[in-house]
1. Would you be able to say whether some residue in the stretch 80-99 is on the phi < 0 side of the Ramachandran plot, among the basic types (Lys, Arg) and either crowded, with 20+ Cβ neighbours inside 10 Å or at pLDDT below 85 (or both)?
2. For the stretch 100-113, which positions are open to solvent by 80 Å² or more (accessible area, probe 1.4 Å), over 10 Å from LEU73 (Cβ atoms) and either modelled with pLDDT of 85 or more or among the polar types (S, T, N, Q) (or both)?
3. Looking only at residues in the stretch 29-64 that are modelled with pLDDT of 90 or more and either more than 30 Å from PRO104 (Cα to Cα) or acidic (Asp, Glu) (or both), which one is least open to solvent (accessible area, probe 1.4 Å)?
4. Of all residues in the stretch 69-79, which are open to solvent by 70 Å² or more (accessible area, probe 1.4 Å) and either over 11 Å from ARG11 (Cβ atoms) or touching a Lys or Arg at 6+ places or on another chain (Cβ under 6 Å) (or both)?
Amino acid sequence: MAIGERIAVLRRAKAGADEMGDPVYEWSSETVEGALVRPVQPSEVDDSKRPEGWAASWSIALPKEYTASCAPLAHSRVALVGRGMPEDPDTALRTVGSPSRTIPCPTRWDVILEAVEIHG
């Protein structure tokens, strides 16, 4: 029996510039098997301009097999593919901060990535 679920880590990289000289970015996707995904208590968005807004946070543990060779995760996005979320940067969860590896780590998962989705 496999432990964890399939997610996609989405990263953007500069692909050039448009006719006005502004940077153009492209997104790439990496599939990660065996991630442990845990929702954290949702909360209301504390902003008077968003009276119906709410935020949901997620804690995602990444397996060592992935994090041993992956690029930094700051500014990436995460799609919960195993839960039916499309690999679309516009709808994917946004990562929070830049996680670091736990060394030494006695378990199969050595990085805890925090991600958030905001609605309203």
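1. No, every residue in the stretch 80-99 fails to be on the phi < 0 side of the Ramachandran plot, among the basic types (Lys, Arg) and either crowded, with 20+ Cβ neighbours inside 10 Å or at pLDDT below 85 (or both).
2. If the condition is that a residue be open to solvent by 80 Å² or more (accessible area, probe 1.4 Å), over 10 Å from LEU73 (Cβ atoms) and either modelled with pLDDT of 85 or more or among the polar types (S, T, N, Q) (or both), then ILE103, PRO104, PRO106, ARG108, ILE112 are the ones that fit.
3. Out of the qualifying residues, it is GLU30.
4. SER69 - this is the single residue of the stretch 69-79 that is open to solvent by 70 Å² or more (accessible area, probe 1.4 Å) and either over 11 Å from ARG11 (Cβ atoms) or touching a Lys or Arg at 6+ places or on another chain (Cβ under 6 Å) (or both).
The values are calculated or read from the model by the stated rules, or taken from the named source; none is laboratory data. Given the structure is predicted, the values throughout are model-derived calculations rather than measurements. Counting neighbours? That spans all protein chains shown, and the Cβs are built from the backbone with ideal geometry, glycine included. Quick note on the areas: whole protein, heavy atoms, side chains included, nothing else; ligands and nucleic acids left out. Shrake-Rupley method; radii C 1.70, N 1.55, O 1.52, S 1.80 Å.
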